[in-house]
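Read-outs throughout are calculated quantities, based only on the coordinates presented, and are distinct from any laboratory measurement. This is a predicted model, so every value here is computed, not measured. Heads up, the Cβs are rebuilt from the backbone with ideal geometry, glycines too, and the neighbour counts pull from every protein chain shown.
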2 protein chains.
Amino acid sequence: MRYAILGTGIVGRTLASKLASLDHEVVIGTRDPRVTATRAESGGYGIVPFAEWQTAHPQISLASFSEAAADADVIVNATSGGVSVAALTEAGANNLAGKLLIDVANPLDFSHGMPPTLDPANTDSLGEQIQRAFPEAKVVKTLHTMNSQIMVEPTRVPGEHNVFVGGDDADAKAQVAALLGEFGWSPASIIDLGDITSARATEMMLPMWLRLWGTLGHPDYNFHIQGA
Amino acid sequence: MRYAILGTGIVGRTLASKLASLDHEVVIGTRDPRVTATRAESGGYGIVPFAEWQTAHPQISLASFSEAAADADVIVNATSGGVSVAALTEAGANNLAGKLLIDVANPLDFSHGMPPTLDPANTDSLGEQIQRAFPEAKVVKTLHTMNSQIMVEPTRVPGEHNVFVGGDDADAKAQVAALLGEFGWSPASIIDLGDITSARATEMMLPMWLRLWGTLGHPDYNFHIQGA
């Protein structure tokens, strides 16, 4: 499979690295590849400059959003939630049409300080916004309710815990379930919440996820629905 | 301990019945005791008329919000979230001052159809609204992230799962932890999320709780933070 990961942050890099290790072809999409490749400063949370990361991952290429999406079988939205629709618009609706679009982003709004709020929330969700903006894409919302390292290495958290899946297309969700299996998620750990409106519920778990991070002092935890 | 349970619905009745079985003195508070006692029709979800329920629980008395609160050591808000502040206002700020006020309500707004939305949400919470409206009460938000039968019988869901606690007063939270212990919650199952602003995070889990109910087809599940 040819994957386009849109977004050069820690989530995009973690997913790209894992997919490449599973022998998938991976291109990371960014607004301006030249700017991304030559940016010298580190990002937040101790993230190294992209060029330094790419030196360690020579099999992963960098391209514009549209170039990455055009050549891909599957697109992963790992951009910041606040700019996701703009980034996907740059990727091009025609490059998304008919394809699986895995949305792992959260619409966190940091403009009012910490902790971030959600925008949209409650009466809408980023997953739904993306599906509405790109009706021909097969949007599946998943993996966004945990730290990125757990996404690709679920055994990092011992014991049973869950990953949620929501989307309107059954085949696209089956494809995601298979990918989650490649990441190490057992069939029993995957909870299918139905259509893309379930993104409203799962995105609203983010404030709890963030609160727990502050309370526990580490991000190595995940939600488990006991009794499911 | 003398408990006043405000609210005559399934949550209030379940908590009242459990507290009475633990030999606590329990009064249920309602807007108009005469109306509640003589209402003949059943509530939703197969709930029997209050008088019929009370016949089976003769040790639990019924009083107005203010009478119930005035005589109580601890007040439990089990009213519908949309009317909680009004009900507590009827209970009387002076009857709440200095006391533990356990808030188990969720601000679900059914006025726009199903599923309900939250009001407030994201930038505020019912728990915070109540604490602001009654600054001398010691508000602790807890138990509202699960079905009421699990609140008082956690072993109904096999395996480990959690109850969350949030509030500004450490002594009040310790008192709640002791009560949760009486209900059967182990110390390890109780996660203290800090101050009352954590209600924002836990109340926002309700859309997920409701979505899971629809997905699983039963309410006997609970959130477990694996790795906590």
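List of remarks:
- Packing-based ranking of A:7-13, B:113-119 yields A:7-13, B:113-119, ordered from highest to lowest mean Cβ neighbour count within 10 Å.
- Taking every residue in A:192-204 and counting other chain Cβ atoms within 10 Å of its Cβ, the average works out to 4.
- Nm distances between copies for B:A170, ranked from closest, using label points 7 Å along Cα→Cβ: 5.6
- C-alpha center-to-center spacing [region B:30-72, region A:148-208] in angstrom: 43
- DSSP bridge orientation in the protein assembly as shown - percent antiparallel, rounded to nearest 5: 25
- Remark: the A:V83-A:E41 segment gains 13.0 nm on full extension, using 0.36 nm per residue and subtracting the alpha carbon distance.
- Note on the protein assembly as shown: Lys pairs 8 or more places apart or on different chains, Cα atoms under 29 Å apart, count 18.
- Among residues other than B:A97 with Cβ under 12 Å from its Cβ, the summed charge is +1 (Lys and Arg +1, Asp and Glu -1).
- For the protein assembly as shown, Kirkwood radius (reciprocal of mean inverse C-alpha pair distance, Å): 23.5
- Peptide A:208-218 shows a mean partner chain C-beta count of 5 within 10 Å per residue C-beta.
- Taking amide H as placed 1.01 Å from N in the peptide plane, A:L118 has its amide H under 5 Å from the amide H of A:D109, each at least 5 places away in sequence or on another chain.
- Under the shape rule built on the C-alpha gyration tensor, where the axes satisfy a ≥ b ≥ c, region A:1-100 is oblate, since a/c reaches at least 1.5 while a/b does not exceed b/c.
- For B:T197, net neighbour charge (Lys/Arg +1, Asp/Glu -1) across residues whose Cβ lies under 12 Å away: -1
- Region A:2-216: antiparallel DSSP beta bridges as a percent of all, rounded to 5: 15
- Rg/Rh (Cα only; Kirkwood hydrodynamic radius) as it applies to region B:2-216: 0.93
- With helices as the sole contributors, chain A gives -10000 deg cm²/dmol at 222 nm; each DSSP H run of n ≥ 4 counts as -39500 (n - 2.57), and the sum is divided by every residue.
- For region A:15-30, putting each phi into the Karplus relation 6.51 cos²θ - 1.76 cosθ + 1.60 with θ = phi - 60° gives couplings of 5, 4, 4, 5, 4, 5, 5, 8, 6, 7, 7, 10, 10, 9, x, 9 Hz, in residue order, rounded to whole numbers and with x for Gly and Pro.
- Taking every residue in B:120-132 and counting other chain Cβ atoms within 10 Å of its Cβ, the average works out to 2.
- A Förster radius of 25 Å combined with the Cβ-Cβ distance from B:M1 to A:L216 puts the calculated FRET efficiency at roughly 0.20.
- Cβ-based net charge around B:H144, under 14 Å, with every Lys or Arg adding one and every Asp or Glu removing one: -1
- Per residue, the average separation of C-alpha pairs within less than 8 Å and at least 6 apart gives chain B a relative contact order of 18 percent.
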